[in-house]
Amino acid sequence: MKFSFKLLLWTIVLLAAALGFSGFYFVNYVFETSLAREVGQASDESSILSFAFETAALNVPAQYGILPDNRVEEIASNLEAGGHSASRFIRISDEKRDVLYASNGFGADDELLHKMDEDTKNYRIVEWNGRYYVHTGAMVNTLNRILYMETMRDVSEVFNERAMGFSLYRRVTLIMLLAGTVIMHFISSWLTKPIRMLTKATKRMAEGDYSYRAVQVSRDELGQLTRDFNVMANAMEENIDKMEEEIQAREDFVAAFAHELKTPLTAIIGYADMLRSHKMDEEKSFMSANYIYTEGKRLEAMSFRLLDIIVTKRGAVEFQRIPVGTVFGYLKGMFGKDGNMVFDYRYEDGEIRAEGDLIKTVLVNLIDNACKASEPGSLIEVAGSRVEHGYRFAVQDHGMGIPEEERHKITQAFYMVDKSRARSKNGAGLGLALCAEILKLHGSELEIESELGTGSRISFILSDRGEGKHEE
């Protein structure tokens, strides 16, 4: 059952219960009030009749020492004839509770008669011939006689009004329930509209439409739920996009890896087969062995880089305070003997907070890439400087540059701007991918500035400050 129908059903049930209880209470309250008024009037009338009877008995001639029965009947008849209501009946009984006089139509039994005593006035509600009466009783003591006077006052109108009240209230309740059902149907539909929108959005997303969002139609808790759902959907869509990108990247990685393996393995197998199956002179044998050695070294370098990337992604690093001079001293030792390039090291003294070996690996790879992108004898500038939020390292070359549309790809594994040039220098396109992973562990990233034919400047910032300045 839909939530809107449940809401409608329970509302109608509660409304019916509330209307039924309130209607019963209201009609019954009016009835009790009217009946109490009629009982009070019947009691007052009984008192008046008792007083009138005693007064009339006092007018009996003195010759009677005791009130005779015939005078009782005569006084009772006069009292009944003097009444203004045709719905009133009188009955008078003697000391033995035998009836001396009873109006025509007095249909009450003797139950109340036997309960009467000297100090109390009794009443009850009786039904006779389909009508309702207030049956009252009182003791009359006059002329040495104790008599019992009973009256019956017709109060059927009060009961008829109660029946009419219940009937009218049932009709009103039915009309109100019907109207309430229609109104609550629209209200429940309106209140549950955000839930329907969320259900629709959930189904659309389950069908694969991750860009679909629920429409917010209110500002209450359900509106907040819609906003939270959309925020969750945005996060989920972003995660799915990332997962798809990662899957695509893995597929591209596998394809590139297979391609990169194919070229050197083909050369190795081909030259090895030549050495194995052909008798060649010393020069050709040396050339073949050299090709095998060169391609083998390239495979070795590629495997080491891949291993470094995997270890970097899965490993945890411990940061230390490292003097900048130590890092630049290491770089000068690594590349100082390279006569093919001219290096210019400029840096400001200070300390950085990093994992020293990994940062050295980053800088070595950046300098190595700069050398591969430059002609022999070109200038390679390596700089370190303080910035507002840390320390910046930068490597500048004056080589071929990187096309703007390819800059976002150069940190992907096996991607090379000039594949033939990179392979000729034992490159596999893994250096910058490794740099990106190491810097990610340090909360940093590569910043690439490049211009075709002019050169490239690749830099990154580590969050630390240094002091002093040193140039070489």
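For this structure, a couple of remarks:
- Rounded to the nearest 10 Å², the accessible area of Y210 at probe 1.4 Å: 80
- Extension gain (nm, one decimal) between S303 and K203, 0.36 nm per residue minus Cα-Cα: 31.4 nm
- In nm, spacing of pseudo-spin labels at I125 and T181 (7 Å Cα→C-beta vector): 3.4
- Only protein heavy atoms count here; on that basis, with a 1.4 Å probe, E318 has an accessible area of about 140 Å².
- Qualifying aspartates and glutamates (Cα of each under 19 Å from Cα of K200; at least 8 residues distant if same chain): D209, E221, D228, E237
- Here the contact order of the stretch 132-199, divided by its residue count and restricted to Cα pairs under 8 Å and six or more residues apart, works out to 22 percent.
- Among the trypsin sites (Lys or Arg not before Pro) in the stretch 1-73, those located in a DSSP loop and surrounded by at most 14 other Cβ atoms within 10 Å of their own Cβ are K2.
- Of H185, I175, N122, farthest towards positive along the dipole that unit charges on Lys, Arg, Asp, Glu beta carbons give the stretch 106-206: H185
- The stretch between E245 and R171 holds 19.8 nm of extra length on full extension. This uses 0.36 nm per residue minus the Cα-Cα distance.
- Percent RCO, i.e. relative contact order, over the stretch 51-193, from Cα pairs under 8 Å lying at least 6 residues apart: 21
- The slack in the chain from S211 to E157, taken as 0.36 nm per residue of separation less the alpha-carbon distance, amounts to 12.2 nm.
- Too-long pairs where the Cα-Cα distance tops 27 Å, listed order kept, from K297/K372; K193/K242; K332/K440; K203/K242; K203/K440: K193/K242; K203/K440
- For the stretch 166-224, trypsin sites (Lys or Arg not before Pro) meeting the loop criterion (DSSP other than H, G, I, E, B) and having at most 12 other Cβ atoms within 10 Å: R219.
- Accessible heavy-atom area order of F159, F5, highest first, probe of 1.4 Å: F5, F159
- Between V364 and E404, the modelled label-to-label distance comes to 3.6 nm, taking each label 7 Å out from Cα in the direction of the beta carbon.
The values are calculated or read from the model by the stated rules, or taken from the named source; none is laboratory data. None of the values given here were measured: they were computed from a predicted structure. Every residue, glycine as well, gets a Cβ built from its backbone with ideal geometry; the counts of neighbours run over all protein chains shown. In case anyone asks, the SASA skips ligands and DNA or RNA and just uses the protein heavy atoms, side chains included. Shrake-Rupley method; radii C 1.70, N 1.55, O 1.52, S 1.80 Å.
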